[in-house]
Amino acid sequence: MMQKPDYTIALIGNPNVGKTTVFNILTGSRQSVGNWPGVTVEHKEGKYKHLRKQIDVIDLPGIYSLTANTLDEKVTRNYILQNHPDLLINIVDASNLERNLYLTMQLIEMKVPMLITLTMLDIAEQNKVKIELGHLQKHLGCSVVPLRIFHKDTEQLLKNEIHEALSNNCTPNLQIKYDDVVETGLQVIEDEFEFDKFKLNTNKKWLALKLLEQDEEYVSQLTDPELDGLHNITKAIEKHRAQNIKNVIAEDRYSIIRGLILDVIKRKSGWQETWSDRIDTIVLNSYFGLPIFFFVMFLVFSLTIRASQPLVGLINKGLGWLLVSQFGLALQALSLPVWISDFLTNGIGGGLVVIASFIPPILFIFMSLAWLEDSGYMSRAAFVADKFMRRIGLPGKAFIPLLVGFGCTVPAIMATRTLDNKRDRIMTSLLTPFMSCGAKLPVYTFLAMIFFTKGANLVVFGLYMTGIVLAMLTGLLLKKTLFKTQPSDFVMELPAYHLPTFNGIMMHSWHRLKDFILRAGKTILIVIAGIYIIQMITIPVKNIPVFAKDTTSERISLLEIAGKAITPAFKPMGIESSNWHASVALLSGLFAKEAIVGSLQSLYEKSNEEELSVTIRKHFQTTSAGIAYLLFILLYSPCAAALAMLWREHGKGWMTFAFGFLTLQAWLIATLFYQVSQYRVNPGRTVFWLGIIQFVFVLQYFILWVRGKKYAASV
């Protein structure tokens, strides 16, 4: 039975202020990660004991305000209002005090128990900024704790301060005063509006401010007379100040903050160029920014591939020996039926080996990205990419998940959680499969070496570039049809560069990896087991005369039957009925893209590479058919792991759409290429199929356009 906590505290602050570091200091390894109920925003919870008190710690999403414009802001605000934590720890970046205190002011207005923790003090000192902590504490009316991460007593000092705040009344006593005309409007709202309907245990002035800021969640609950009254108050304030009401309130808050800053901060006269500023002159340069970013990501993928390949080999050999070979011998000793033994060893055991082989590349990608995020570089990368990304309907931050997709589609879809709204997360997830994952590389190399013995490297590079170009074109299509609403505004603070902590990187990477293993792993195992069962089930060939002439075997598996049944659908892209092996390989690719190579090798039944190459070229008949086949592999449905993650993140409907939409695009592009290449051979057939492809493209555009209107209305 879980022990009920004595206190619950929550960490809140802007992104990139060291909130996760504080969370790790307090909770260590006693953490769990999940999603907030009903949404895909990550929920991180931990606990610790101090002075015989059990304290639960909630790590709230990083936000800039409590306006609920984004899902993160809504989740955070609702948690504070509904769960009433015993203490909010507001983490504030000391090197950017003015920007961070904007959220602090809104928390003070809520009249909630709060302790302020200052981080990045070393960066503030490097920038010649000195904060008078006692003076700041007096102004804000609550405790302000300096946090020096590398100090040996940091953990104990912080826990003592938290205990002190929990033991005493720690609600800030600062009274925030607005312009007289705003205060008058707020007083009218407090006096004349009915607040019981909101069912919130909070002060009236905070709710009045939310109404004045046109907060949709609360304005929608007003009666018609109240809406008219709010409209009149708003118009009077806007006329007096000649500003939008939201800007009026923001300006008044910043006026208070600026006055406070002048009083508590002492800095060297004149502007001081910081170390971060000097680096940014190069990193954010319009000419060098993108090349530098691509070079950094090249290093990330090089590290991931080089570091993970030996480990993947060890896992495949070691676990394969243990869970397949030795486990199979143990089952044989028990005299179990052959089909049960095969299922348990090759199906379940082999499935566990496959899942384990995902771990090294995903771990190294997460470690690399955690280092880049914690150092402050990823914010710059998203800033550099924003202008280009917005042209295809996505914010700059979507660039990061797409690049992660070159390593593996699964963590790429998981990485979309950092995007601000549902529209951007779904659209980016649909585009990530266009980025050729590491599992496709052996397939590209294998087939390219067969069809182009001298120019294989150029073919592989061309496939990667084709995926990028088609992702951009598909983004434009989705922007014009299914996702007509605008992408979220790209507002991102560029934090100062700083050295990440080893514990922070490892903790972040471990929780992401554990999330993958527990959430996607079990789904992958079920799919693997299901596919293996289908492979094991065989039917006498004599019962299916249509297939009898194509095989010399006495029995045929359900998987082979399925492959032969779907082969006619691939004929327009050059796969003839005699080449059903290629269709079966595509089915195995739904399980894992690298499985295509193994399927081709086994299905063509050749023992050495030279004979295998000749046989494959013979079955495909033309090089154009081979290229069309590679294009289909590039574009068709992602593997079971990625589909499972799409289901987890966005639901069954979007997973089904991704499977159908991407497979259709693969068929259209592959058929288009093959038919154009065969124009001289059979111009009449080419013209016919080009007409079919054009009709499908137009029909697809119309369907997406109609669905887009409904989707825009729903979000």
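FYI, it's all coordinate maths here, none of it is from the lab. Note that the structure is predicted; figures quoted are calculated from it, not measured. FYI the Cβ positions are ideal-geometry reconstructions off the backbone, even for glycines, and counts take in every protein chain you see.
The slack between residue 176 and residue 228, meaning 0.36 nm per residue of separation minus the straight C-alpha distance, is 16.0 nm. For region 180-270, the extents of the C-alpha atoms along the principal axes are 54, 32, 21 Å, listed from largest to smallest. Packing, taken as the mean count of other beta carbons within 10 Å per residue, orders the peptides 626-637, 310-321 from highest to lowest as 626-637, 310-321.
If both residues of a DSSP beta bridge must be in region 7-167, then about 40% of such bridges are antiparallel.
Using the beta-carbon distance between residue 698 and residue 538 and R0 = 45 Å, what value does 1/(1 + (r/R0)^6) give for FRET efficiency, to the nearest 0.05? Calculated value: 0.55. With the highest mean first, a sort of the peptides 391-402, 695-706, 456-467, 235-246 on other beta-carbon atoms found within 10 angstrom per residue produces 391-402, 456-467, 235-246, 695-706.
Here volume of the Cα convex hull per residue in Å³ was computed from the coordinates, and among (1) 167; (2) 197; (3) 212 the match is (3). Evaluated on region 92-139, the Kirkwood hydrodynamic radius is 11.5 Å, with distances taken between all distinct Cα atoms. Within the chain, DSSP assigns beta bridges of which about 50% are antiparallel (rounded to the nearest 5). Dividing the summed helix terms, -39500 (n - 2.57) for each DSSP H run of n ≥ 4, by the number of residues in the chain produces a 222 nm estimate of -19500 deg cm²/dmol to the nearest 500.
Can you give the Rg to Rh ratio of region 629-715, both from alpha-carbon atoms, with Rh computed by the Kirkwood formula? Show your work: numbers first, answer last.
Numbers: Rg = 16.0 Å, Rh = 14.7 Å.
Ratio of gyration radius to Kirkwood radius for region 629-715: 1.09.
Computed over Cα pairs, the Kirkwood radius of region 7-167 leads via Stokes-Einstein (0.890 mPa s, 25 °C) to a diffusion coefficient of 154 µm² per second.
Computed from the C-beta positions of residue 244 and residue 335 and an R0 of 56 Å, the FRET efficiency is 0.10 to the nearest 0.05. At full extension, residue 453 and residue 317 could sit 46.0 nm farther apart than now, given 0.36 nm per residue minus the alpha carbon distance.
Placing a pseudo-label 7 Å from each Cα along the Cα-to-Cβ vector at residue 4 and residue 417 gives an inter-label distance of 3.0 nm.
For the residue pairs 177/205; 479/710; 484/710; 74/205; 210/710; 74/199, the C-alpha atoms sit more than 21 angstrom apart in 210/710. Using C-alpha pairs below 8 Å separated by at least 6 residues, the relative contact order for the chain is 10 percent.
Among 162-175, 136-149, how do they line up by average Cβ neighbours within 10 Å per residue, starting with the highest?
By packing density, highest mean first, the sequence is 136-149, 162-175.
Scanning the chain for DSSP H helices at least 24 Å long along the axis (C-alpha atoms) with a Kyte-Doolittle mean no lower than 1.0 picks out 289-319, 350-375, 456-480. Pairs from the table (111/138; 152/397; 111/197; 652/709) lying more than 24 angstrom apart at Cα are 152/397. Restricting region 86-179 to chymotrypsin sites (Phe, Trp or Tyr not before Pro) that sit in a DSSP loop and have at most 11 other Cβ atoms within 10 Å of their own Cβ leaves 150.
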